[in-house]
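The structure appears below as C-alpha cells.
What follows draws every value from the coordinates through simple rules; no lab data is involved. All values derive from a computational prediction rather than experimental measurement. Heads up, the Cβs are rebuilt from the backbone with ideal geometry, glycines too, and the neighbour counts pull from every protein chain shown.
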Amino acid sequence: MLVEHIDIVDFILEGIKTALVFSLVFILWRSGKKYPELSGGSWNLILFGFICMAIGLMLDWSDEIINYGRMDIIDIVETVIEEGILMLGFVLVTIGFNKWFAFVGRFLGINRS
C-alpha cells in the first residue's frame, strides 16, 4: 500500500506547499474573527475555497506516501477527487474575492461604475 521509494524532494516540497496553504487558511480564519465587519458571506467563500485547495493539496501530497498505482480504480477516483476539490477551491476563491472586493469598495465608500 505504501510506495517503495519515496522521492524526498517531492515529499518535502509538496508538504511545504500544503503546510503553507493550511497556514493561510488559519490566518484568514483568524482575520475573519478579528475583523467581523469586513468578513461576510463572500469571506466565507474565500475561506472555504482555500480549505478545498488545502485538502486537494493534502491528497496530492499523500501520493508521495501511498501507492495508488496498484489499484487502478482507486487511483482514478483519487485523482478525480484531488483535482476536483482543488478546482472547486479555485472557483470559490475567485467568486469570493470578486464579491468581497465589491463589498469592501461599498464599505469604504468607493463608487466604481
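When the chain is treated as a Gaussian network with alpha carbon springs shorter than 10 Å, the biggest mean-square fluctuation among Leu47, Leu57, Leu20 belongs to Leu20. Look at the dipole of the chain built from charges on Cβ: of Ile65, Ile6, Val80, the Cα furthest out on the positive end belongs to Val80. Computed from backbone phi, the HN-Hα couplings of region 78-83 come to 4, 5, 5, 5, 4, 6 Hz, rounded to whole numbers (Karplus: 6.51 cos²θ - 1.76 cosθ + 1.60, θ = phi - 60°; Gly and Pro given as x). Within the straight-line cut-off of under 25 Å between alpha carbons, the lysines reachable from Lys17 are Lys33, sequence neighbours fewer than 8 places apart in one chain being disregarded. Couplings 3J(HN,Hα) of region 37-46, computed from phi: 5, 9, 9, x, x, 5, 5, 5, 4, 4 Hz, in residue order, whole Hz [Karplus 6.51 cos²θ - 1.76 cosθ + 1.60, θ = phi - 60°; x for Gly and Pro].
Amide H contacts for Ile66 (H built 1.01 Å from N in the peptide plane; partners 5 or more residues away or on another chain; cut-off under 5 Å): Val3.
Which one, [x] 36, 15, 9; [y] 47, 13, 10; [z] 31, 14, 10, gives semi-axes √(5λ) of the Cα gyration tensor in Å as derived from the coordinates shown? Checking each listed value against the structure points to [x].
Charge dipole (Cα centre; +1 on Lys/Arg Cβ, -1 on Asp/Glu Cβ; no other charges) of the chain amounts to roughly 1220 debye.
Computed from phi, the 3J(HN,Hα) profile of region 57-66 under the Karplus parametrisation 6.51, -1.76, 1.60 (θ = phi - 60°) reads 5, 5, 5, 5, 5, 5, 4, 6, 10, 9 Hz, with x in place of Gly and Pro. Once backbone amide H atoms are built at 1.01 Å from N, Leu38 has no partners under 5 Å, excluding neighbours fewer than 5 places away on the same chain.
Axis angle, to the nearest 10 degrees, between helix 8-34 and the longest C-alpha principal axis of the chain: 30 degrees. Helices in the chain, meaning DSSP H runs of at least 4 residues, each add -39500 (n - 2.57). Divided by all residues, the mean residue ellipticity at 222 nm is -27500 deg cm²/dmol.
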